[in-house]
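Trainee: The structure's right below; bear with me while I get my questions together.
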């Protein structure tokens, strides 16, 4: 005598749609996380506003000038006399570009002196950081 099952046997299936949804969610999460991990080695200074295109630089050192005229290279304080010596090894690894992030209230003389010292260190391109107009 043959016994029949109450439910017929069904083969299992792999549903791909939920897996695509999970992969899209992970992709979006990692994209947003990577955008927030951008490393800018400047201090919190009040940048002047202006229209400038975004320039992708990876390892360019950042020269920051605060409102009271203090100088920093990648968040490390440096004196004006030692600026060229401190900046020269960084320029060998990153090329000849330096990002200048000067406070809006910093004196023009302090910014120009810092830029001239960066030129002495071998910087060919001095890029001025600005806050974009909204």
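Trainee: Residue 110: in contact with a strand residue (DSSP E or B) (Cβ under 9 Å, 6 or more places away or on another chain), assigned to a loop (DSSP other than H, G, I, E, B) and either surrounded by 10 or more Cβ atoms within 10 Å (Cβ to Cβ) or modelled with pLDDT of 85 or more (or both), yes or no?
Mentor: Numbers: in contact with a strand residue (DSSP E or B) (Cβ under 9 Å, 6 or more places away or on another chain): yes; assigned to a loop (DSSP other than H, G, I, E, B): no; either surrounded by 10 or more Cβ atoms within 10 Å (Cβ to Cβ) or modelled with pLDDT of 85 or more (or both): yes.
No, not satisfied.
Trainee: Filter region 45-73 down to the residues that are assigned to a loop (DSSP other than H, G, I, E, B), surrounded by 14 or more Cβ atoms within 10 Å (Cβ to Cβ) and either at pLDDT 85 or above or more than 19 Å from the chain's Cα centre (by Cα) (or both) and list them by number.
Mentor: Of everything in region 45-73, those that are assigned to a loop (DSSP other than H, G, I, E, B), surrounded by 14 or more Cβ atoms within 10 Å (Cβ to Cβ) and either at pLDDT 85 or above or more than 19 Å from the chain's Cα centre (by Cα) (or both) turn out to be 61, 66, 67, 69, 70.
Trainee: Taking the residues in region 113-122 that are touching a residue at least 12 places away in the same chain (Cβ under 8 Å) and more than 16 Å from residue 59 (Cβ to Cβ) as candidates, determine which candidate is surrounded by the fewest Cβ atoms within 10 Å (Cβ to Cβ).
Mentor: In the first step, residues of region 113-122 are kept if they are touching a residue at least 12 places away in the same chain (Cβ under 8 Å); the result is 113-115, 117-118, 120-122.
Of the ones still in play, those that are also more than 16 Å from residue 59 (Cβ to Cβ) are 113-115, 117, 120.
Numbers: 113: 16, 114: 26, 115: 19, 117: 21, 120: 13.
Checked region 113-122; the qualifying residue surrounded by the fewest Cβ atoms within 10 Å (Cβ to Cβ) is 120.
Trainee: Run residue 86 past the list (1) touching a strand residue (DSSP E or B) at 6+ places or on another chain (Cβ under 9 Å); (2) not in a helix (DSSP H, G or I) and report the number of the one that doesn't hold.
Mentor: (2)
Trainee: When you scan region 91-107, do you find a residue that is in a helix (DSSP H, G or I), touching a strand residue (DSSP E or B) at 6+ places or on another chain (Cβ under 6 Å) and within 20 Å of residue 59 (Cβ to Cβ), even just one? Before the answer, list the steps.
Mentor: Going through region 91-107, the residues in a helix (DSSP H, G or I) turn out to be 91-94.
So of that shortlist, the ones also touching a strand residue (DSSP E or B) at 6+ places or on another chain (Cβ under 6 Å) come out as none.
Within region 91-107, none of the residues are in a helix (DSSP H, G or I), touching a strand residue (DSSP E or B) at 6+ places or on another chain (Cβ under 6 Å) and within 20 Å of residue 59 (Cβ to Cβ).
Trainee: Please find, within region 1-44, the residue that is modelled with the lowest pLDDT out of those that are surrounded by 10 or more Cβ atoms within 10 Å (Cβ to Cβ) and part of a loop (DSSP other than H, G, I, E, B).
Mentor: Here the residue is 42.
Trainee: A further question follows. Does residue 124 meet the test of being out of contact with any strand residue (DSSP E or B) (no Cβ under 8 Å at 6 or more places or on another chain) and on the phi < 0 side of the Ramachandran plot?
Mentor: Details: out of contact with any strand residue (DSSP E or B) (no Cβ under 8 Å at 6 or more places or on another chain): no; on the phi < 0 side of the Ramachandran plot: yes.
No: the conditions fail for residue 124.
The values are calculated or read from the model by the stated rules, or taken from the named source; none is laboratory data. If you're wondering where the values come from, they're calculated on a predicted model, not measured in any experiment. Heads up, the Cβs are rebuilt from the backbone with ideal geometry, glycines too, and the neighbour counts pull from every protein chain shown.
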